[in-house]
Structure formats: structure tokens, C-alpha cells
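A short worksheet on the structure shown next.
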Amino acid sequence: MYLSVLEENPYIPKDASVNEQDRQIAEKILEESMSVFHEETIYKQIDEALDANDRDRFFELSAMLKAFKAIKKDGE
């Protein structure tokens, strides 16, 4: 059986703290990073479909990319 132990990090400066604004900024950076990764993955899959001459997969991925971009644009 494993127990989790939460300890304070001894290397963090005493005056350092994470406030709500820092948390929101970190969350935005993470969301943007995940969005870019997802978009790049779709582009890579589109390239692979083109290389394989897989017309159906190409159109499926193109529609997915278009929907992804529309959702991303609406979220801005």
C-alpha cells in the first residue's frame, strides 16, 4: 500500500507564492499549448493521409481541422 505525502518544497523562496492571477496565466499557457499540439497533430495526420493517397481520411481530417479552427475562433 502506498501513501501520498505532501511536503513543502525547501528550495522555494520564502517570499514566493502562487496567487490566482499566476494560476490563470499558467492555465492559459497550458490550454494554448494543448491547442497548438492538437492542431499540429491533425496537420501531421493530413500529411500522412496525402502520402498514403487516402482520400477519405484526408477529407475526414480536413473537416476535423476546420471544425477545430471554428471552435478555437469562437473561444477567442
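Lys73 falls short on exactly one of the conditions (1) more than 19 Å from the chain's Cα centre (by Cα); (2) modelled with pLDDT under 85, and that condition is (1). Looking at Glu48, Glu31, just one residue is under 21 Å from Lys73 (Cβ atoms), acidic (Asp, Glu) and assigned to a helix (DSSP H, G or I), and that residue is Glu31. Screening Leu6 with (1) open to solvent by 90 Å² or more (accessible area, probe 1.4 Å); (2) of a type outside the set (D, E, K, R); (3) touching a residue at least 12 places away in the same chain (Cβ under 8 Å) gives one miss only, at (3).
The values are calculated or read from the model by the stated rules, or taken from the named source; none is laboratory data. Remember, it's a predicted structure, so these values are computed and weren't measured experimentally. FYI the Cβ positions are ideal-geometry reconstructions off the backbone, even for glycines, and counts take in every protein chain you see. SASA here: full protein model, heavy atoms, side chains in, ligands and nucleic acids out. Shrake-Rupley method; radii C 1.70, N 1.55, O 1.52, S 1.80 Å.
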